[in-house]
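Have a look at the structure below, then the notes.
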Amino acid sequence: MTWRDVLRGTQQRAERAGPATRRKRRRPAHPAVRASAMVTAFAGTVLFGVVLARLTLEPSAASAALVHANVRPGHSISAYLHGTSTIEAARQLGGNVLLGLPFGVLLPVLLPPARGLLRVGAVTVCLMTLVELVQGALVTGRVFDIDDVILNTAGALLGYLLIGRRLGRAVHPRRRHWWSRRTAEAGDT
């Protein structure tokens with residue numbers, strides 16, 4: 001018995017069992033709904049880009065005392081938790097998490113290949129690392145901080161899990177994977 005025989009047998013059992021046991025496929029949203037969601041997501045991305053640039057690429061007087069590059073994960077987080085007031089720590093740490101939330105919501109809508117927890121995390125790490133490098137190289141009073149990248153990525157993953165996953169699937173319905181298409185084609189012959 002080969003793997004193909006096993007898959008064919010599973011498919012035949014599902015067909016005999018009837019429509020109640022088959023997996024229901026969601027119908028795609030109406031094209032007008034999909035188009036408006038894409039336009040809204042694009043406008044949100046542009047707005048988010050402006051806010052991100054204002055927050056990260058302008059000199060900061062508040063971080064003048066903490067102007068040192070950080071490549072050790074957790075070092076800045078520890079400094080905020082133990083060296084500043086609770087309000088300042090919540091502002092800095094929570095602000096970085098909130099700054100990453102839009103990535104997790106907008107990426108699955110704008111880039112369907114970026115759907116998935118690992119993909120959203122990888123894209124966010126790349127983009128935020130680029131932002132931190134530019135910030136550290138070009139902006140006075142700002143430096144590269146790996147903890148910002150970690151907190152932004154955590155925010156993006158949170159946004160994806162809370163909203164982005166469902167929103168991405170609503171706008172771009174799930175496609176069958178290449179291995180599913182191949183087994184269906186093999187079963188038809």
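The values are calculated or read from the model by the stated rules, or taken from the named source; none is laboratory data. Predicted model only: the values in this text are computed from it and were never measured. When we count neighbours, we look across all protein chains shown, and the Cβ atoms used for this are built from the backbone with ideal geometry, even at glycine. Ligands, DNA and RNA are stripped out before the accessible areas are found, and what is left, the full protein with its side chains, is counted by its heavy atoms. Shrake-Rupley method; radii C 1.70, N 1.55, O 1.52, S 1.80 Å.
Considering only the range 118-146, state which residues are farther than 16 Å from residue 76 by Cβ and in contact (Cβ under 8 Å) with a residue 60 or more places away in the chain.
Listed by number, the residues that qualify are 134, 138, 139, 140.
What are the pairs with Cβ atoms under 6 angstrom where one residue, in the range 152-164, is more than 12 Å from residue 106 (Cα to Cα) and the other, located anywhere, is among the β-branched types (Val, Ile, Thr)? Sequence gap at least six, or different chains.
From residues that are more than 12 Å from residue 106 (Cα to Cα), the pairs are 153/124; 153/125; 154/97; 155/97.
Of the residues that make up the range 126-143, is at least one within 21 Å of residue 54 (Cβ to Cβ), among the charged types (D, E, K, R) and out of contact with any strand residue (DSSP E or B) (no Cβ under 6 Å at 6 or more places or on another chain)?
Yes, there is a match, as at least one residue in the range 126-143 is within 21 Å of residue 54 (Cβ to Cβ), among the charged types (D, E, K, R) and out of contact with any strand residue (DSSP E or B) (no Cβ under 6 Å at 6 or more places or on another chain).
Do the conditions hold for residue 189, that is, is it closer than 20 Å to residue 57 by Cα, open to solvent by 40 Å² or more (accessible area, probe 1.4 Å) and at pLDDT below 85?
Criteria not met by residue 189.
Is there any pair with a first residue in the range 27-48 that is basic (Lys, Arg) and a second that is at pLDDT 75 or above whose Cβ atoms are under 6 Å apart and which are 6 or more apart or on different chains, and what are they?
That search, which allows pairs on different chains as well, returns 34/171.
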